[in-house]
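Reviewing the structure listed below.
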């Protein structure tokens, strides 16, 4: 997520204990312990309700656990405090698509001024979700940018789009590429790894997938 300012605001609202729960939740998610991560995010909200709109990480955990209605609500709350983040709109789209289908998801697509999210290829990802661009447009923008981060974003979101279309092999293809990029400390790359593990056939899941 485009979240440096959001994280700063979250920390300014949070107590030390709240920050500890959020950090624990993120670390548990990275380990594939998704349900436990959600518990920690919920604990943070219990002691500091004002942080709830900032916890986009919670929405991702809810999505991974199949609670798409709760995930949708979380991303709608986050829109209020971070209104021009393409990733937030994408996750909201995925939650709606899982429950109501692609057409409903496009109709409910959160409005984003993509010029305010200048990460490549966020503009093309948003256009793709809106039905105004192709996968090739997303990949072309990432190729032109030619950075591991751009490639990770492109393949993460194309992988998630394939996953909601029940195209497991294509989802795995994209998520494997996203997971293999040489990045350090990228939570969204960790999301790609967890989603890749969820997409694998049951017998091939890693031991860390403990949700």
_Please verify whether residue 97 is closer than 27 Å to residue 181 by Cα, touching a residue at least 24 places away in the same chain (Cβ under 8 Å) and either surrounded by 23 or more Cβ atoms within 10 Å (Cβ to Cβ) or under 17 Å from the mean Cα position of the chain (by Cα) (or both), treating the condition exactly as stated._
no
*Inspect the stretch 108-123 for any residue being touching a residue at least 12 places away in the same chain (Cβ under 8 Å), in a helix (DSSP H, G or I) and surrounded by 23 or more Cβ atoms within 10 Å (Cβ to Cβ) and give the result as yes or no.*
yes
*Subset of the stretch 50-69 [without any contact (Cβ under 8 Å) to a residue 60 or more places away in the chain and within 13 Å of residue 34 (Cβ to Cβ)]*: 58, 59, 61, 62, 63, 66, 67
*Looking only at the stretch 45-63, decide whether some residue is at pLDDT 95 or above, in a loop (DSSP other than H, G, I, E, B) and under 22 Å from residue 166 (Cβ atoms).*
no
*Would you confirm whether any residue within the stretch 202-211 is closer than 22 Å to residue 62 by Cα and surrounded by 19 or more Cβ atoms within 10 Å (Cβ to Cβ)?*
yes
*asked:* So in the stretch 31-44, with the set limited to residues that are out of contact with any helix residue (DSSP H, G or I) (no Cβ under 6 Å at 6 or more places or on another chain) and not in a helix (DSSP H, G or I), which one is farthest from residue 77 (Cα to Cα)?
replied: 31
*Subset tally (residues that are without any contact (Cβ under 8 Å) to a residue 40 or more places away in the chain and within 20 Å of residue 182 (Cβ to Cβ)) for the stretch 129-152*: 12
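The values are calculated or read from the model by the stated rules, or taken from the named source; none is laboratory data. A quick note: this is a predicted structure, and the numbers were derived from the prediction, not measured. Cβ atoms come from the backbone with ideal geometry, glycine included; neighbour counts cover every protein chain shown.
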